[in-house]
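Quick notes on the structure that follows.
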Amino acid sequence: MAGAIAGRLTVNQRHNVETLVVLQPIAVDTGSPDREGMLVLANGMLVAVLVQLMAPEHRNPGYWFLESGFGSLRDLKPPAFETLEEAKRWLRQRLNTRDAV
């Protein structure tokens, strides 16, 4: 019974809690010089991989690109982000919107 109550409280209170987004550095084999990456974890779950654009053919070298999204982020194609903070803000907003549904 206590487990069922705790489960209900988690669902009902979820809308009042901001998603915790954590970035973890990782090298990514993209087949190009764009190798510096970040795993994106939301509340402990892998939701995306960001890669920093370094190759000279990119319009915005140094920006961060959503290389791959998972779950509700899978088919999204946002513009490149100037900073990791900007990327985190965008990701948190999308994830919080998803959780509100």
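The values are calculated or read from the model by the stated rules, or taken from the named source; none is laboratory data. Here the structure is a predicted model, which is why all the values come from computation and not from measurement. Note that each Cβ is placed from the backbone with ideal geometry, even for glycine, and that neighbours are counted across all protein chains shown. Each accessible area value is taken on the protein alone, full model and side chains, heavy atoms only, with ligands, DNA and RNA left out. Shrake-Rupley method; radii C 1.70, N 1.55, O 1.52, S 1.80 Å.
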ask   = Do we find a residue being farther than 18 Å from Glu18 by Cα, open to solvent by less than 60 Å² (accessible area, probe 1.4 Å), among the aliphatic types (A, V, I, L, M) and touching a residue at least 40 places away in the same chain (Cβ under 8 Å) anywhere in the stretch 37-59?
value = yes
query = Does Asn96 count as assigned to a loop (DSSP other than H, G, I, E, B) and among the polar types (S, T, N, Q)?
reply = no
ask   = Can you name every residue in the stretch 68-78 that is surrounded by 18 or more Cβ atoms within 10 Å (Cβ to Cβ) and touching a residue at least 24 places away in the same chain (Cβ under 8 Å)?
value = Leu73
query = For the stretch 32-53, does any single residue satisfy the condition of being among the hydroxyl-bearing types (Ser, Thr, Tyr) and modelled with pLDDT under 95?
reply = yes
note = In the set Phe81, Phe65, the lone residue that is at pLDDT 95 or above, among the hydrophobic types (A, V, I, L, M, F, W, C), closer than 25 Å to Ser32 by Cα and open to solvent by 50 Å² or more (accessible area, probe 1.4 Å) is Phe65
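Check every one of the strands (runs of 3 or more DSSP E) wholly within the stretch 15-86 and list those with 3 or more residues that are more than 15 Å from Thr97 (Cα to Cα) and touching an Asp or Glu at 6+ places or on another chain (Cβ under 6 Å).
45-52
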